[in-house]
Structures are given as structure tokens and as C-alpha cells.
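A.B. asks: One structure, as C-alpha cells, below. Some questions next.
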Amino acid sequence: MKKFLAIALSLVMVFGLFAVRGVQAESMDDLIAAAKAEGELIVYGSCEEEYLAAACEHFEELYGIKVKYQRLSTGEVQSKIEEENGTPSADVWFGGTTDPYNVCAAEGLLEPYEAQNASHLLGDAYKDADGQWYGIYKGILGFIVNIDELNRMGLEVPQDWADLLKEEYKDLIWLSNYNTAGTAKLVINTMIQKYGHDEGIQYLADLDKNIHVYTKSGSGPSKNVGTGECVIGIGFLHDGITQIVDNGYGNIQLVIPSSGTSFEIGATAIFKGAAHPNAAKLWIEYALSPECVELAQENGSYQFLVIDNAKQPEVAEEFGLNPENVMDYDFEDAKANIKTYIAEVMDALGGGDDRFKTE
């Protein structure tokens, strides 16, 4: 009798598994059909232009859905979506660090979605608890330096955050704009979490004395290091790899700050009130697949990938980058307080100047 019950239970479990799989497959087929019926998708991308274009074009090829896309910094997308307040001019957001995503999520401007392909994420840290965004890659924050220029000036390569405050680096450092770039917002949160609130704000005020340019986009500093226009860029090290590998700048050195650094999770999300909701959901499933994320390394973007069925970019490991060698980052504190922190930093900088203009 016990043997019979065990066999019966096994059969129930097997048939149950097939039933679940059948429902999932059928629902995905239904989603694809509904997305195709909408016929269009509009994407705001905050990753690099080449990767954005490749991802959008491949989605169009796969599903026959017309894709329109525009590359904007994360801060620009955040401002645009906040202004539109529930009637967004795009359907989905793709790429860029999650700090601005978290602000939009807290303001109710992102649409929760329970993605099937989220089962491939490497951990819960790579998704919003309410399904308002999902991670697609991970990037390490550090310094991208022109060693030829430093040698010419007789200066050493900075090895840690404190080094950047040295007077010898005055007007040699570039950082992105706190008002427009998710990268810069991550820098704010990193310094506050690393040094404490008051000390972190003071650090950024002291660092400002050595900043020559604040760029609109987080990748802006890295793009000017190889030419020597920027000598020390603060940004994501995968952007430096792009300059070395794809653009041939052998004069660039990557530095992971010796006392520790933080990281970004590049994300994707659906805007609340999206005009093409089914195409938007299909995009999320696509963005969480190797079909999409492996296009990054083929198009000059060498971030670490955060889904378990995708091939990692070997070149990142060749440069000694380790995606686990980072500080614990408090996403909830960043989500709750980044707007206040930005205001406090700008106040500490005397309200800013022409370098912080967003237009």
C-alpha cells in the first residue's frame, strides 16, 4: 500500500511539473502574441549607444515588433519620467545604474512585473523586491587614468579615494554630474556609506576642488582619458576596458580603490502607464536572457552579467576585475535618501556653478 501511494504521489508530482511548464509556455506564447498585436515598443536606454542599438534591433528581429529607442543618461530619464508623471513617452528603461530606478520606483513611476526569466538571476540582490526593476549587469566603480600624462607630470597613480584629494591632482579629475548621471549618484551614496553622512558630504566638497569637468553621462570621463584631455576619470571600470580594447588606448590604467569600492547594478524596468504594456513585459523577459545580455560584450560593453545562463565577458577577468570584490552597498538607504543627499552635496558646493547645468 505504501509503495502504491509513493508511486501515485510521484506521478502526481510529475504531471504537476508538466502542467506548470505547460502554463508557463502557453502564457509566454500568449504574451508574444499580445506584444505583436501592439506592434511597437519605445525604449529609453542608459547603457552605451552601441549596446542599446544592438539589443533593440535584435528584439525587433526576433519578434517583428517595431522598436524606437533613444539614449539618455539615467538622470535625464528620471527627470523626464517624473515630469510626465504616469503618462510616459516610452515603455521601458534599459541599462544604467539602479539608484535613479529606485527613486522612480519609490515615486510609483515603475510598473511591477513578475518576470519568468528572473529565475536565472544570480540572487535576490539583482532585482527589486516588488518586481519594479531587474538587474542585467554589474559594474565596478574605480579610477581610469592616463599613465602617460601622469608620468609626464611626475605624478603617481592614485590608489585610493583619499589620494584624489591631494593638491597635485587639481584640475586633473573628471566626474559625472550629480544632477544627470546615475554613476555620480552612486559616488555620493558610496562616500556616505563608506565614511559616514557628514564625512562623506565633506569628502565630496573637498574632491570638488580637484574636479575639472562634470560630464552629463557616467561614461563621459572614460571617453576622454585616452586622449589626455582627462587625466583621472572616476567611473565604471568596464568603460575603461572599452577604451583600451575597442579604441586602442594602451595608455590607460584601471585602478580599484585599495580601501574598497562599490558597484552598480544595471537594470531594466517598465514605466507605469506604458502605452505598449505587453511589448514592455516581453522586453523584460528578453532583457533577462542570453539573447540580449551577451550582445553587450559584442558591442563594446564589458560589464559582468547577473544571470546564470549567460556567458561572462572573459576580458573583464583578464583585467583583474572581480565582481565579488566590492563593499556591501545599502540599496535601501540609497533608494530612500538620494534626492536629499544630492541637495546636501550641492549645498556643500555652494549651489554649484555652470559645471552642473543640465542643458
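The values are calculated or read from the model by the stated rules, or taken from the named source; none is laboratory data. All values derive from a computational prediction rather than experimental measurement. Positions of Cβ are backbone-derived with ideal geometry, glycine not excepted, and every protein chain shown enters the neighbour counts. What goes into the accessible areas is simple: the full protein's heavy atoms, side chains included, and nothing from ligands, DNA or RNA. Shrake-Rupley method; radii C 1.70, N 1.55, O 1.52, S 1.80 Å.
A.B. asks: Could you please tell me which pairs satisfy a Cβ distance under 7 Å, a separation of 6+ or placement on different chains, a first residue in segment 241-252 that is touching a residue at least 24 places away in the same chain (Cβ under 8 Å), and a second residue that is among the aromatic types (Phe, Trp, Tyr)?
C.D. replies: Pairs that qualify, where the first residue is touching a residue at least 24 places away in the same chain (Cβ under 8 Å) and the partner is among the aromatic types (Phe, Trp, Tyr), are Ile241/Tyr302; Ile241/Phe319; Thr242/Tyr302; Gln243/Tyr249.
A.B. asks: Since Asp347 meets every condition but one in (1) at positive phi; (2) assigned to a helix (DSSP H, G or I), which condition does it not meet?
C.D. replies: (1)
A.B. asks: Another one. The conditions are (1) over 17 Å from the mean Cα position of the chain (by Cα); (2) more than 21 Å from Gln132 (Cβ to Cβ); (3) modelled with pLDDT of 85 or more, and Gly320 fails exactly one of them. Which is it?
C.D. replies: (3)
A.B. asks: Another question, if that's okay. Would segment 285-306 turn up any residue that is buried (at least 22 other Cβ atoms within 10 Å of the Cβ), over 18 Å from the mean Cα position of the chain (by Cα) and among the aliphatic types (A, V, I, L, M)?
C.D. replies: For segment 285-306, residues buried (at least 22 other Cβ atoms within 10 Å of the Cβ), over 18 Å from the mean Cα position of the chain (by Cα) and among the aliphatic types (A, V, I, L, M): absent.
A.B. asks: Can you find a residue in segment 50-68 that is under 22 Å from Leu282 (Cα atoms), assigned to a loop (DSSP other than H, G, I, E, B) and among the acidic types (Asp, Glu)?
C.D. replies: Scanning segment 50-68, I find no residue that is under 22 Å from Leu282 (Cα atoms), assigned to a loop (DSSP other than H, G, I, E, B) and among the acidic types (Asp, Glu), so the answer is no.
A.B. asks: In segment 325-340, what residues are buried (at least 16 other Cβ atoms within 10 Å of the Cβ), over 22 Å from Gly220 (Cα atoms) and modelled with pLDDT of 90 or more?
C.D. replies: The one that is buried (at least 16 other Cβ atoms within 10 Å of the Cβ), over 22 Å from Gly220 (Cα atoms) and modelled with pLDDT of 90 or more: Asn337.
A.B. asks: Still on this structure: Any idea which residue in segment 111-133 is most open to solvent (accessible area, probe 1.4 Å), counting only those that are part of a helix (DSSP H, G or I) and free of Cβ contacts under 8 Å to residues at least 12 places away in the same chain?
C.D. replies: So the residue we want is Asp124.
A.B. asks: For segment 202-234, enumerate the residues that are assigned to a helix (DSSP H, G or I) and either under 20 Å from Asp354 (Cβ atoms) or in contact (Cβ under 8 Å) with a residue 40 or more places away in the chain (or both).
C.D. replies: Gln202, Tyr203, Leu204, Ala205, Asp206, Leu207, Asp208, Ser222, Asn224
A.B. asks: Scanning segment 134-163 for residues that are open to solvent by 60 Å² or more (accessible area, probe 1.4 Å) and not small (Gly, Ala, Ser), which turns out nearest to Thr340 (Cα to Cα)?
C.D. replies: Gln159
A quick yes/no check of all residues on (1) in contact with a helix residue (DSSP H, G or I) (Cβ under 6 Å, 6 or more places away or on another chain); (2) not hydroxyl-bearing (Ser, Thr, Tyr):
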{"residue": "Glu84", "(1), (2)": "no, yes"}
{"residue": "Asp99", "(1), (2)": "yes, yes"}
{"residue": "Gly108", "(1), (2)": "no, yes"}
{"residue": "Leu121", "(1), (2)": "no, yes"}
{"residue": "Tyr126", "(1), (2)": "no, no"}
{"residue": "Asp130", "(1), (2)": "no, yes"}
{"residue": "Trp133", "(1), (2)": "yes, yes"}
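A.B. asks: Additional query: Filter segment 154-183 for residues that are in a helix (DSSP H, G or I) and in contact (Cβ under 8 Å) with a residue 60 or more places away in the chain and give the result.
C.D. replies: Trp161, Ala162, Leu164, Tyr169, Gly182, Thr183
A.B. asks: Quick check on segment 271-284: of everything there that is open to solvent by 10 Å² or more (accessible area, probe 1.4 Å) and either aliphatic (A, V, I, L, M) or closer than 22 Å to Pro313 by Cβ (or both), which residue is nearest to the chain's Cα centre (by Cα)?
C.D. replies: The residue in question is Ala274.
A.B. asks: Can we say Gly64 is open to solvent by 50 Å² or more (accessible area, probe 1.4 Å), at positive phi and at pLDDT 95 or above?
C.D. replies: Against the criterion (open to solvent by 50 Å² or more (accessible area, probe 1.4 Å), at positive phi and at pLDDT 95 or above), Gly64 qualifies.
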